[in-house]
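Peer 1: First the structure, which I've put down as structure tokens, then a few questions once you've had a look.
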Amino acid sequence: MVYAEAAIAKRVLPRLRVGGGFSSFADFLPVDAADLVSLAEGSTPLIDVPAIAGAMGLGALQIKDESRNPTWSHKDRFSAVAVSYARKQGHGFVATASSGNAGASLAAYAAKAGMDCLVLTFEGAAAPLVEQIRRYGAIVVELKDKAQRWTILAEGQRRFGWFVTSPFSAPVVGSNPYGMEGYKTIAYEIAIQSDDIPEWVIVPTAYGDLLRGIWKGFKDLHEAGCISRLPKVAAAEVLGSLSRTISSGSDAVWLMEGAEPSQAMSIGVLQGTYQSLVSIRESGGTVECIDDTALWAAQAQLARHEGIFGELSGVAAIAAAQRMRQKGVIGSDDKVVCLMTASGLKDIDQMPPARPSQYRIEGRFEEVAKILTNELGTSSVDR
């Protein structure tokens, strides 16, 4: 534990509550409550999804819905701490490389803090996300060669001392370590919201900042004696870097050169990180590589049967849970929490392979009744 000794944690945790905001977790973060730049992030709901649980043969499945954060993604927990720390250190400018969620979040918190923000993205990034970044007032630069984003950030950091929140060197270690501490609060909230600690916490994973932060948060609580056991953490990825590494037993994280791109751009990285690997192994967890077909199916299932609309990358944990249950990795009595990291509106320009039927009519009731008969087998709305 870095920012709170076990004795402090034992004293503080009973006072913590979901809804109290980040300030209630300040003893566990690298910034004081008085210095926090906040947009009322966190306190996201833990939602039972019985229809999906039943379909998987699970007794208990819950979604930690991070789309309820201010900019509609989990990145707000990171940005709140990173921007607060940067401002406390006297910085007036922050920069990141981002395909969307991280850039939108950083731009919003920089605006709140009165700081300037640069977001380096690339041609072909999700248009709604890029537009969201612009609306917060950030300087957005699209590069033809996305690999040059890190070169530019590294040069800015070296020459001018830019406060860079994203990775900017390869192989990737992780993002800004101060910002990553914000993700610990997800573990704290799950512990507060749950009657008992789940057997599994499944996390959509690119460079593993979120996975590492959550695992670190649970370890904080366990070391303090606040929880009696630790969950296993599982990574849901799309290109297979961690899967290949785990299966090989190697400590060198595999680079998936030539891998087919995924539509889940937020987690579509060719090489994972050692921090992810360590978190999985320490927890006794696993990793699942999910293809686009499974992601589209999970997104549709979650929306149609539970009323929750997640970004394609954001529903990777649900698809992974289904795969793990089919393999017998997850038992029928296991309690499972899946992180849904962002709103489906983030990449609404991505079109699913099978789109819902669309109807255009002249405007007569009989036309609507015919549609209902075709779709539902009845024209009656009194069901």
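The values are calculated or read from the model by the stated rules, or taken from the named source; none is laboratory data. Here the structure is a predicted model, which is why all the values come from computation and not from measurement. All Cβ positions, glycine included, derive from the backbone under ideal geometry; neighbour counts span all protein chains shown. For the accessible areas, the whole protein counts, side chains as well, though only heavy atoms, and no ligand, DNA or RNA atoms are used. Shrake-Rupley method; radii C 1.70, N 1.55, O 1.52, S 1.80 Å.
Peer 1: Give me the accessible area of K219, 1.4 Å probe, in Å² rounded to the nearest 10.
Peer 2: For K219, solvent-accessible area is about 50 Å².
Peer 1: Could the peptides 345-355, 225-235 be put in order, highest first, of the mean number of other beta-carbon atoms found within 10 Å of their residues?
Peer 2: By packing density, highest mean first, the sequence is 225-235, 345-355.
Peer 1: Could you work out the helix-only [θ] at 222 nm for the chain, with each DSSP H run of four or more residues adding -39,500 (n - 2.57) and the total divided by the number of residues, to the nearest 500 deg cm²/dmol?
Peer 2: Theoretical 222 nm ellipticity from helices: -11500 deg cm²/dmol.
Peer 1: Okay, next question. Taking only Cα atoms, what is the 0 to 90° angle, nearest 10, from helix 274-283's long axis to the longest principal axis of the chain?
Peer 2: That helix lies at roughly 70 degrees to the long axis.
Peer 1: Could I have the simple spin-label model distance between K88 and D251, label points 7 Å from Cα toward Cβ, reported in nm to one decimal?
Peer 2: The answer from the label model is 3.3 nm.
Peer 1: Counting only the backbone N, which residues of the stretch 122-152 are under 15 Å from the spot 7 Å out from the Cα of A303 toward its beta-carbon?
Peer 2: 128
Peer 1: Measure off 7 Å from each Cα along the Cα-to-Cβ vector at I139 and T293, then give the distance between these two points in nanometres to one decimal.
Peer 2: Once both label points are built, they end up 4.6 nm from each other.
Peer 1: In whole Å, what is the distance between the alpha-carbon centres of the stretch 35-58 and the stretch 262-282?
Peer 2: The distance from the Cα centre of the stretch 35-58 to that of the stretch 262-282 comes to 21 Å.
Peer 1: Compute the long axis of helix 209-223 from its Cα atoms, compare it with the longest principal axis of the Cα atoms of the chain, and write down the angle in degrees, 0 to 90, nearest 10.
Peer 2: 70
Peer 1: Sticking with this structure for a sec: How many Å² of accessible area per residue for the chain, probe 1.4 Å?
Peer 2: Details: 16910 Å² over 383 residues.
Normalised by residue count, the accessible surface of the chain is 44 Å².
Peer 1: For the chain, with only Lys/Arg (+1) and Asp/Glu (-1) charged at the beta-carbon, what is the dipole magnitude about the Cα centre, in debye rounded to 20?
Peer 2: Details: 37 positive and 42 negative charges, 109 e Å.
In total the dipole reaches around 520 debye.
Peer 1: I'd like the orientation of helix 75-88 relative to the chain: the angle between its Cα long axis and the longest Cα principal axis, in ° from 0 to 90, rounded to 10.
Peer 2: Helix 75-88 and the main axis of the chain meet at about 20 degrees.
Peer 1: Subtract the Cα-Cα distance of A33 and Y359 from 0.36 nm times their separation in residues, and report this length gain in nm to one decimal.
Peer 2: The A33-Y359 span can extend by a further 112.1 nm.
Peer 1: List the residues of the stretch 60-96 whose backbone N lies under 13 Å from a point placed 7 Å from the Cα of Q193 along the Cα-to-Cβ direction.
Peer 2: Residues passing the 13 Å test: 61-69, 74.
Peer 1: For the stretch 239-312, with all protein chains present and a 1.4 Å probe, just round the carbon and sulfur fraction of the accessible area to a whole percent.
Peer 2: Ligands and nucleic acids excluded, carbon and sulfur reach 52 percent.
Peer 1: Antiparallel versus total DSSP beta bridges in the chain: what percent is that, nearest 5? Walk me through the numbers on the way to the answer.
Peer 2: Working: 6 of 36 bridges.
Expressed as a percentage, antiparallel bridges in the chain total about 15.
Peer 1: Sort 68-75, 171-178, 35-42 by packing, meaning the average of other beta carbons within 10 Å per residue, with the highest value first.
Peer 2: Most protected by this proxy first, the peptides run 68-75, 35-42, 171-178.
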